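J.: Below is the structure I would like to discuss, written out as structure tokens.
The values are calculated or read from the model by the stated rules, or taken from the named source; none is laboratory data. Because the structure is predicted, anything quoted here is derived from the model rather than measured. Don't worry about glycine lacking a Cβ; one is built from the backbone with ideal geometry, like all the others, and counts go over all protein chains shown.
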Amino acid sequence: MREDSFPYCIPERRELTQTEVTLLEHLLGQIDDIQVQVGDLKIVARCGCGECPTILFGKSLEDEPITSKDSHSVMDWSGRAANGALVGIGLFARDGMPTELEAWSVDGGEVKSWPPVDAIQPI
């Protein structure tokens with residue numbers, strides 16, 4: 001699928017899954033400049049490809065997504081997902097608020113899920 005054949009993100013209004021909470025809590029525990037509680041975040045959109053686990057955050061389900069173009073990279077990690085793919089994990093934020101948790105393929109494998117927390121490390 002060509003990157004320009006889908007929108008940057010598509011609406012998806014929901015609570016975080018336990019996997020997302022665990023991953024985000026682990027990542028936020030590594031930095032000091034974000035003080036938001038994971039339980040205060042909502043998912044407001046997902047990647048426009050509709051297949052990878054990339055998610056965009058808001059403080060309420062009615063918030064509009066803030067894209068990585070309008071925020072800054074806070075950290076990059078990577079790890080192997082259950083299917084063996086090496087998944088890059090990027091956390092973006094604006095004004096101390098996480099805006100996006102991005103997943104991408106590091107090795108060309110299919111990115112369908114987050115790697116387990118015990119399998120990730122900083123890039």
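J.: Counting only residues that are over 13 Å from Arg14 (Cβ atoms), surrounded by fewer than 16 Cβ atoms within 10 Å (Cβ to Cβ) and either in contact with a Leu (Cβ under 9 Å, 6 or more places away or on another chain) or of a type in the set (Ser, Thr, Tyr) (or both), how many does region 38-87 have?
T.: 5
J.: Please determine, by comparing only the residues of region 1-21 that are in a helix (DSSP H, G or I) and of a type outside the set (Val, Ile, Thr), which one is nearest to the chain's Cα centre (by Cα). Steps first, please.
T.: In the first step, residues of region 1-21 are kept if they are in a helix (DSSP H, G or I); the result is 3-5, 18-21.
If we keep only those that are of a type outside the set (Val, Ile, Thr) as well, we get 3-5, 18, 20.
Working: Glu3: 18, Asp4: 20, Ser5: 21, Gln18: 14, Glu20: 8 Å.
In this case the residue turns out to be Glu20.
J.: Show the residue pairs that are 6+ apart or on different chains and have beta-carbon atoms under 9 Å apart, the first residue being within region 45-60 and closer than 15 Å to Ser71 by Cα and in contact (Cβ under 8 Å) with a residue 40 or more places away in the chain, the second being among the β-branched types (Val, Ile, Thr) and assigned to a strand (DSSP E or B).
T.: Matching pairs, first to second residue: Ile55/Ile43; Ile55/Val44; Leu56/Ile43; Leu56/Val44; Leu56/Thr99; Phe57/Ile43; Phe57/Val44; Phe57/Thr99.
J.: Same structure again: Based on what the data block shows, is Glu102 touching a residue at least 24 places away in the same chain (Cβ under 8 Å), surrounded by 12 or more Cβ atoms within 10 Å (Cβ to Cβ), in a loop (DSSP other than H, G, I, E, B) and of a type in the set (D, E, K, R)?
T.: So Glu102 does not fit the description; no.
J.: Suppose we filter Leu24, Leu61, Leu56 for residues that are modelled with pLDDT of 95 or more, part of a loop (DSSP other than H, G, I, E, B) and hydrophobic (A, V, I, L, M, F, W, C); which single one remains? If you could, list the steps in order and put the result at the bottom.
T.: On the way: Leu24 fails: part of a loop (DSSP other than H, G, I, E, B); Leu56 fails: part of a loop (DSSP other than H, G, I, E, B).
Criteria check complete, one pass: Leu61.
J.: Go through (1) surrounded by 20 or more Cβ atoms within 10 Å (Cβ to Cβ); (2) part of a strand (DSSP E or B) one by one and return the number of the condition Gln121 breaks.
T.: (1)
J.: How many residues are exposed (fewer than 15 other Cβ atoms within 10 Å of the Cβ), touching a strand residue (DSSP E or B) at 6+ places or on another chain (Cβ under 8 Å) and closer than 22 Å to Lys42 by Cα if we restrict to region 105-115? Working first, answer last.
T.: First, pick out the residues of region 105-115 that are exposed (fewer than 15 other Cβ atoms within 10 Å of the Cβ): 105, 107-110, 112.
Applying the additional criterion that residues be touching a strand residue (DSSP E or B) at 6+ places or on another chain (Cβ under 8 Å) yields 105, 107, 109.
The next check asks that each one be closer than 22 Å to Lys42 by Cα; those that pass are none.
Residues in region 105-115 being exposed (fewer than 15 other Cβ atoms within 10 Å of the Cβ), touching a strand residue (DSSP E or B) at 6+ places or on another chain (Cβ under 8 Å) and closer than 22 Å to Lys42 by Cα: 0 in total.
J.: Residues in region 31-77 that are basic (Lys, Arg) and over 18 Å from Val21 (Cα atoms): how many?
T.: Just the residues of region 31-77 that are basic (Lys, Arg), to begin with: 42, 46, 59, 69.
Pick out the ones that are also over 18 Å from Val21 (Cα atoms) and you get 69.
The qualifying residues number 1.
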